[in-house]
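Q: Below: one structure in structure tokens.
The values are calculated or read from the model by the stated rules, or taken from the named source; none is laboratory data. Everything numeric here is computed off the predicted structure, so don't read it as measured data. With ideal geometry, Cβ positions are generated from the backbone for all residues, glycine too; neighbour counts draw on all protein chains shown. When the accessible area is computed, the model is the full protein with side chains, heavy atoms only, and any ligands, DNA or RNA have been set aside. Shrake-Rupley method; radii C 1.70, N 1.55, O 1.52, S 1.80 Å.
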Amino acid sequence: MSLSRVEKIEWLVSNLEEISKSYFISKAINQHIISLDFGFEAFAPYRHLCNVLVADVVIRWCKVFGTDNEEMHWKKLINEADLVAFRADLFSSANVSQEEYSAYWRQMKEVRDSVCAHFNYEYVGKEIPHFEKAIDSASAAHSYFVNVLIKLGVKRSKFDLKQFGLLSSEGFIKKIR
């Protein structure tokens, strides 16, 4: 099935929104993990859900920011004229230099390859990267691509991706409490 550029961008934007929800819901679960899993002993369903959401963040982030051959990679959908400005905004939003971003990108890809998509025993015990840079870069991309959709005539609301994820997590915790 061949999708139009607009449809591909809509999929990318939706994926970025899922990154935000998974990130903030996993964070919220983690803050309440002891009380949520109390009485479940070894089953620990909320710890499991938190781990699944963390893997989701990594995998979805790598779909957009991972290797250039990813179908949903941002480079395949960006206007060539916007490339330099987009990268500058991406680095600025994540508060990193290009070199720091490249190092972070390698860490995220390694987590995807060694923990989430496959399993490498050598990775056991290693710390995964903090996700603030992932959510910051996802927010920058979300803002850019929502603006592209609006310019292309798609009815979309602009909103802060971090606030969206935070509200999602608050709703989730409220519902399960």
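Q: Just give me the residues in the range 58-71 being open to solvent by less than 40 Å² (accessible area, probe 1.4 Å) and either modelled with pLDDT under 95 or under 17 Å from residue 11 (Cβ atoms) (or both), in sequence order.
A: 61, 62, 64, 65, 66, 67 - these are the residues of the range 58-71 that are open to solvent by less than 40 Å² (accessible area, probe 1.4 Å) and either modelled with pLDDT under 95 or under 17 Å from residue 11 (Cβ atoms) (or both).
Q: May I pose another question? I'd like to check something: does the range 123-131 contain any residue that is open to solvent by less than 60 Å² (accessible area, probe 1.4 Å), touching a residue at least 24 places away in the same chain (Cβ under 8 Å) and in a helix (DSSP H, G or I)? Give the steps one after another, and end with the answer.
A: Our first condition is that a residue be open to solvent by less than 60 Å² (accessible area, probe 1.4 Å); within the range 123-131, this holds for 123, 129, 131.
Next, only the ones that are touching a residue at least 24 places away in the same chain (Cβ under 8 Å) stay: 129, 131.
Next, from what is left, pick out any that are in a helix (DSSP H, G or I): none.
No, that holds for no residue.
Q: Just name the residue that is most open to solvent (accessible area, probe 1.4 Å) out of those in the range 93-113 that are in contact (Cβ under 8 Å) with a residue 12 or more places away in the chain and either closer than 16 Å to residue 143 by Cβ or hydroxyl-bearing (Ser, Thr, Tyr) (or both).
A: If we take residues in the range 93-113 being in contact (Cβ under 8 Å) with a residue 12 or more places away in the chain and either closer than 16 Å to residue 143 by Cβ or hydroxyl-bearing (Ser, Thr, Tyr) (or both), then 95 is most open to solvent (accessible area, probe 1.4 Å).
Q: Under 9 Å by Cβ, and 6 or more places apart or on different chains, what pairs join a residue from the range 144-172 that is without any contact (Cβ under 8 Å) to a residue 40 or more places away in the chain and surrounded by 13 or more Cβ atoms within 10 Å (Cβ to Cβ) with one that is among the polar types (S, T, N, Q) and part of a helix (DSSP H, G or I)?
A: 160/139; 160/143
Q: Here's a follow-up. When the residues of the range 11-50 are narrowed to those that are open to solvent by 70 Å² or more (accessible area, probe 1.4 Å) and touching a residue at least 24 places away in the same chain (Cβ under 8 Å), which ends up farthest from residue 72 (Cα to Cα)?
A: Only one residue fits best here, namely 27.
Q: If you check residue 55 against the conditions, is it farther than 20 Å from residue 6 by Cβ, small (Gly, Ala, Ser) and in a helix (DSSP H, G or I)?
A: Judged against the criteria, residue 55 is a match.
Q: Sticking with this one: Of the conditions (1) under 30 Å from residue 173 (Cα atoms); (2) among the aliphatic types (A, V, I, L, M); (3) modelled with pLDDT under 95, residue 55 clears all except one; give me its number.
A: (3)
Q: Looking at (1) in a helix (DSSP H, G or I); (2) out of contact with any Asp or Glu (no Cβ under 6 Å at 6 or more places or on another chain), which is the only condition residue 140 fails?
A: Looking at each condition in turn, residue 140 falls short on (2).
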